[in-house]
1. Of B:GLN548, B:LEU486, B:PHE598, which is farthest on the positive side of the dipole of the range B:452-602, counting Cα position, with +1 on Lys and Arg Cβ, -1 on Asp and Glu Cβ, and the Cα centre as origin?
2. Compute the distribution of all C-alpha to C-alpha distances in the protein assembly as shown, in bins of 10 Å from 0, and list the percent of pairs in each, rounded to whole numbers.
3. For the range B:393-424, run through the trypsin sites (Lys or Arg not before Pro) and keep only the ones in DSSP coil with at most 16 other Cβ atoms within 10 Å of their Cβ.
4. Looking only at other chains, what is the average number of their beta-carbon atoms within 10 angstrom of each beta-carbon in A:85-97?
5. Under a GNM of chain A (C-alpha, springs under 10 Å), which listed residue has the highest mean-square fluctuation: A:GLY36, A:GLY59, A:GLY102?
6. I'd like the mean, over residues of A:101-108, of how many other protein chain beta carbons sit within 10 Å of each residue's own Cβ.
7. Can you tell me, using C-alpha contacts under 8 Å and at least 6 residues apart, the relative contact order of the range A:5-122 as a whole percent?
8. Which links in B:LYS513/B:LYS576; A:LYS106/B:LYS680; A:LYS106/B:LYS382 stretch past 27 Å when you go from one Cα to the other?
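Read the figures in this text as sums done on the coordinates, not as results from a lab. Because the structure is predicted, anything quoted here is derived from the model rather than measured. Note that each Cβ is placed from the backbone with ideal geometry, even for glycine, and that neighbours are counted across all protein chains shown.
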Amino acid sequence: MTTGRILVVEDNDKNLKLTRDVLEFAGYTVEVAITGEEAVAQALASVPDLILMDLQLPGMDGHEALARLRADPDTQRVPVVALTASAMPMDRERALSAGFDGFLEKPISVREFPDQVRRHLRKRR
Amino acid sequence: MDVDADPDRDRSTAFADAQPGPRAQLAAIVEVLSVLARSSSQQGKVFDAVVNNARRLCGADVAQIHLLTDEGLRIVHSVGLNEAYMEFAQAHPIPVDRNGLTGRVVMDRKTHQITDVLADPDYRNREYQRRGGFRTIMGAPMLIADEVVGVLSVWRTEVEPFAPRIASVLATFANQAALAVRNVQQTTALERRSSELAAKVEQLEALSEVSKVLGSSLDVEEVLSTIVSHAVELSMTDGGSLMEYDAATRLFRVRAAYGTSDEVLEQLRRARIHADETWVGRCAYVTSSFQIEDLQTVDRDAHLTILHADGWRSLVAVPMRSHDHVVGAFVVRRRQPGRFTEDVCDLLSAFASQSAIALTNARLYEELARQSVELTVASQHKSEFLASMSHELRTPLNAVIGFSEVLLERMFGELNERQEDYLRDIRDAGRHLLALLNDVLDLSKVEAGQMELDLTTFDAAAAFQYALSLVRERAAQHRVDLTLDLSEELRVIRADELRFRQVLLNLLSNAVKFTADGGSVAVSAWLDAEDLLVTVTDSGVGIPYADQDRIFDTFQQGGRFVVRSEGTGLGLTVTKRIVQLHGGRIWVTSAPGVGSSFGFTIPGQSIGDAAEEAPLAAADQALGDPRPAVVVIEDDERSSELVAVHLTAAGLRPVVMRDGRAGLAAVRSVRPVAVILDIKLPGMTGWEVLNAIKGDPDIAGTPVVVVSVLPERGKGFALGAADYLVKPVGREELIHSIRRVVAAATSRAEGRTIVVVDDDPMALELVRVTLEPQGWSVEVCEKGADAIGLVTSSRPSVVLVDLLMPDTDGFAVIDALAARPETADIPVVVLTAKSLQAQDRERLDGRIAFVASKSALDLDVLAQRLVRVSRPAETGAP
């Protein structure tokens, strides 16, 4: 059985519900945050095994949240994977060069998604 | 000189004997001539010599030269005249009539003498006689080209007729004087012409300077200021202004001024200068300049009022026309009244036509610049819109597709048949929307010229199987028979892999979609020369003939879509563009009710060694990607992706392998210029890979850069790493390291030798001049028969051989080299203009490294490929 605590950062409630359902069904413990600020605060309070981060968030966006996480010794080694509906090639390029550990596009494939997440969990920084 | 004695005037025909002899006469003439020669322009001196000598030689009291003017004959030079006569004659030029001697000389164009003016009843110039006191008078005409220009006359105060010989002397002197006049005229004309020329040259220089400035500048303001300032300078006026004409409003607008205060310029700018309401406005209608000599004396419109108030008195307005359109006008002005000469006006007109062109150019440029900014903004808006639309659509689609999938995965329990059916409908509709979205994005990318191909070489079978796998489920549902027929020789494909799959998938899914249950869809692919040909044939509804031409156009679905309209209407358009981007073509043949067959080509598939080598090796060598390859052995996707990006940016070609075993295989087949090696790898570790590379003589020369989180430089270098970088590694550091180790390895490998066999000396020379500068030692051979011996003796690192040669051809050479143990290990590369047939390829199979086509030869690419296939330099033992 898969284990691991995943923090999902997502401001769209339906997408958040979907991601959580799929991950929980796959056996993960899922925590959620709706804004970048919340995400950083939660991650610092309790360091997760992986963070799935939407890029466009109200207030602090995904890129900034990533920078905050990387700046703190407690969270700098947590893999952070972008999960976004921004599917332009430059979005991917920008995210990877900014230091995201992976780039997953919406819409997700429910069947493949848990595996994609698992691959990133294995590669703990 | 013919001195004709007038029979009617016998008194005037009596001549006295001359005192001076011929010698004196000659001397005097010579003197005059010499003066003439010395100072052709100094008319005064000539006249001086003429009158003095004439008086002396003629034994006269007075000698004088008259020149013919509009008012009559004027004394220009004389000797012996009293002042009273002089004053009188100056004030009263002698009329050309028969009342006096000089008039008669002019009218008859011959020498006349009046023995005694007081005795001549026709002589009426009494006032002159009274003041001059002369009695006997003689005059000779000064002729230039038969035209009388003046009269040389002598007189005596006593009645004493001049002798006939004296008449001819006088005529001679008259000639001299005429000559002087002519010389002066010519000189003056010449001087005027040359000063005109000088002025023209000056103007031309000024114009060219102006046009240089104008031509080089596309800044409208600068152009305008230059025009107006030069117009003022050229016309030597005090100031000027330039107006642009707006044909729409018919208004002239002052844009620039020179010699004008800011305040007045501001007033001028505000003035309403309408084409029909102002003096300057006439520039909209006329083609040449016009002027006001005195502003004080004319009716002044608004514009002129401003100028008048500022103290301007005279002005010229010059229209600026370009291609028959008025583009503007300029005005130059002076603070003094007066007429502008024609010269100045001409000059300004010439200048105006030049300036008009410059002004037009500058305006066009301004317009262009504005439009391009607008276009950039518009295109940016479009891109932003598309990105944002894509994001906004994907977000709900994620929920639609995702939740239907969640339910279909039975995450929350079983479904009944209808629920499952409907959920599939929801999911498929969502996917359809997603496909539509992707097509729109692709299409806009293609239309904007932003779609770039990422050409790689990939496994053909895998690409086809992937596309088939995506439609297999649907085909099975509808009992559509799916078949794939790949030709034997087609092992790898050179294309943008993702785009190729997209094309294939589009044609396949259309075919499956439009084929009725129980039908069939067949995919075939084969090579035709260097073209990949693919056909997708279905037994579907077919496409009406009328629609076949436009089936690839945007939103043209054709009649067949009526049945089950699911296509986006964009798929085929995108597909066609992708094929075209690859340089290929796409077509359809279809019979309604029978089925359709879509076909496309992807050119640029090379033959050569593809058949025998593993896909990866072929990937490298089949098509001669000119970029040097670097094998990256790294299991972390993100790291390898970043490294690949850096390498690509540095002009290198990354070949990424996820584990040590695959990496090692890639190094053997790709023969990269360098290897980037991670240490923590699944399975075979980096250390083991490094050991294996350094232990294999074929690849031991390949420099390996270890990139690892482990700080074990010592171990790395001990095992033969060329460099050791500790993660995280920046781009600069990585590229610098690669460049350094590659350079070092290259210099180690120096001493590369090649034998080139070709009966065409030109081809030999071409290869030589290409390879030698790159450190190759090149030996050439024009006969196949000689090649074997040469290769055997010199044992080069590679042999390059032409196939078509007289007597011993390339095939024979290759056979012979392969048959001899001492040459069998030397790589052979075929360079040929021949298009290889199947049996040719069979014959070469396994014996050559690759085939380079002479018809599409890039020598630099060839050189790089040669480096890759060539045997390492022999060090010591063979």
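1. B:GLN548
2. Reading upward from the zero bin: 2, 8, 11, 11, 11, 10, 10, 8, 6, 4, 5, 6, 5, 3, 1, 0.
3. On the way: sites: B:ARG394, B:ARG410, B:ARG418, B:ARG424; in loops: B:ARG410.
Sparse-neighbourhood loop trypsin sites (Lys or Arg not before Pro): B:ARG410.
4. 4
5. It is A:GLY59.
6. 5
7. Details: 191 pairs, mean separation 27.8, N = 118.
Relative contact order here is 24 percent.
8. Long pairs (Cα-Cα over 27 Å): A:LYS106/B:LYS680.
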